[in-house]
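Here is the structure we will look at.
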Amino acid sequence: MTNLGDEPKNGARPMARRAQPRKDCTCPDRYQPRRNGCTHSWYVRLTNREGRRQEFYLGTSKAVAETAIERYYEQGILPDEAIPEDRSEDRNLLFKSWAADWLGRRRAKEGSVEKYEIAIRVHLNPRWGNHRLTSIRKAQVEAWVREMENNKEIQNSTAEGHWKVFQMITKDALQNGKIDQNPCYEVEGPYVQKTTPYIFSDDEIWAIYDEFPKRYKPIPRLGFGCGVRQAEAFGTCTDVIDRKSGLLTVRRQVLRTKETRYKAMLIDRLKTSRRKNGIDSKSVPVPDHLVEALDEHAAKYPARLTETVLWTHGRTIDTCERGPAEALFWTSQGNLLSRDTFNEDAWKPTLRKLGIKHEDGTLPTFHDARHTYISKMLQNGKPPETVALWVGDSVEEIRRTYNHLLDEQVVDHRADITRLTARPVRLQSAA
């Protein structure tokens with residue numbers, strides 16, 4: 001064993017005092033963890049080869065941590081270099097290599113996989129691609145998060161997306177034994193400022209109806225009157241309205257993504273279909289004025305027969321069966337409606353003409369029509385559970401997003417609560 005003050009081999013810097021493994025957690029059993037007890041990592045603070053003090057995380061076993069430190073003093077090998085021989089190939093595994101491996105194993109929707117690929121190619125690989133997975137440290141990750149927060153060219157939501165993909169990749173590397181500790185552990189992601197939805201007034205809603213291009217006139221009503229998403233509104237067909245029950249069944253959407261080779265395609269699938277406990281369709285009460293608007297539209301712009309993809313879970317669009325459907329909304333060129341066409345030719349010009357905008361000058365989106373619908377239903381006493389069924393969200397999502405409206409209802413119902421819980425007034429018997 002090397003005595004204190006001896007020069008370690010291989011160029012390691014001498015230390016005045018032998019370093020000891022440490023833990024910063026407050027777990028009561030952190031020094032002698034019971035089974036399934038403290039799982040926080042031991043670490044040691046040493047001077048690396050560049051002369052900087054650095055924390056080396058050594059796993060949850062104190063014995064392993066002490067062995068790594070001993071090896072440093074005996075052989076001058078820094079703890080992150082002390083990889084067992086049977087895992088020597090992991091030492092030089094680059095982040096970009098593992099990110100490509102991780103991406104190739106994804107089974108999410110093509111749209112999600114496409115976003116992952118863009119995040120890796122455009123942001124993560126330029127920043128982390130040539131780093132060895134085993135060399136990425138918590139302090140480096142924290143510095144990167146601060147960089148994203150301070151970069152005015154990166155929107156908060158974009159930074160959050162990059163962070164989530166990075167987290168998934170490093171967690172996967174840990175689960176597959178490529179690294180011993182996740183550098184994202186207990187690191188807070190970039191701050192994402194809460195966006196404020198635009199809630200349209202009744203006057204603005206009806207002004208939009210009156211000014212909207214005739215070819216697409218019923219579409220805003222589907223958002224304001226039924227709370228459907230934009231792609232779901234585009235996928236409205238003749239077989240989804242039950243005039244007897246007054247219900248609109250939403251089960252299709254028009255997608256134009258890499259999954260559809262960037263061609264607008266009608267698909268029997270909702271946004272939530274592939275989530276855990278997702279839904280394949282939802283039914284919502286349809287206002288009488290919307291039924292009339294759809295009938296008038298169909299008389300002027302007849303529905304056209306088209307092909308719809310009968311989506312099956314676990315299969316790609318190319319391998320799914322096809323079926324017939326009569327779609328209500330078409331462009332003047334005879335194509336199914338896409339988001340870009342609708343927004344640039346109809347939605348944005350109408351809002352600009354009416355002067356409807358956020359305080360910062362940006363235009364509300366079609367999704368704000370959905371926010372307006374949900375807010376109006378909750379403010380008028382519709383239970384969150386019922387509204388969640390209508391719009392195809394979970395009750396938890398409704399409560400989380402619209403909690404302020406539910407709090408306002410508690411105040412509004414105070415008089416009723418007082419009346420219902422007051423002492424009964426007993427009638428005095430006649431003298």
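Bear in mind that the values in this text are calculations on the coordinates, not laboratory data. This is a predicted model, so every value here is computed, not measured. Virtual Cβ from ideal backbone geometry, glycine too; neighbours counted across all protein chains shown.
General remarks:
- Shape class of region 171-212 from the alpha-carbon gyration tensor: prolate, with a/c at 1.5 or above and a/b greater than b/c.
- 27 Å Cα-Cα reach of K178 towards lysines, excluding residues that sit fewer than 8 places from it in its own chain: K23, K62, K96, K109, K115, K138, K164
- Cβ-based net charge around E186, under 14 Å, with every Lys or Arg adding one and every Asp or Glu removing one: 0
- Once you divide the Cα radius of gyration of region 181-308 by 2.2 N^0.38 Å, the number left is 1.33.
- Ordering of 238-251, 309-322, 255-268 by packing [mean C-beta count within 10 Å, highest first]: 255-268, 238-251, 309-322
- Shape call, region 263-333: gyration tensor on alpha carbons, a/c limit 1.5: oblate
- Remark on region 225-269: hydrodynamic radius 11.3 angstrom, per the Kirkwood mean of 1/r across alpha carbon pairs.
- Compactness of region 89-233 - radius of gyration and Dmax, Cα, Å: 21.0, 67
- Each residue of region 228-241 is assigned a 3J(HN,Hα), and the resulting list reads 7, 6, 4, 5, 5, 5, 4, x, 5, 10, 5, 9, 9, 9 Hz, derived from the Karplus form 6.51 cos²θ - 1.76 cosθ + 1.60 (θ = phi - 60°), x at Gly and Pro.
- Under 25 Å from K357, Cα to Cα: lysines that are on another chain or at least 8 residues apart: K152, K194, K214, K217, K348, K376
- D (Stokes-Einstein, µm²/s), Kirkwood Cα radius, region 136-194, 1.306 mPa s at 10 °C: 133
- For L247, the residues 5 or more places off, or on other chains, whose built amide H falls under 5 Å of its own are D242, V286.
- Residue separation of A298 and E147 scaled by 0.36 nm, minus their Cα-Cα distance, works out to 49.1 nm of gained length.
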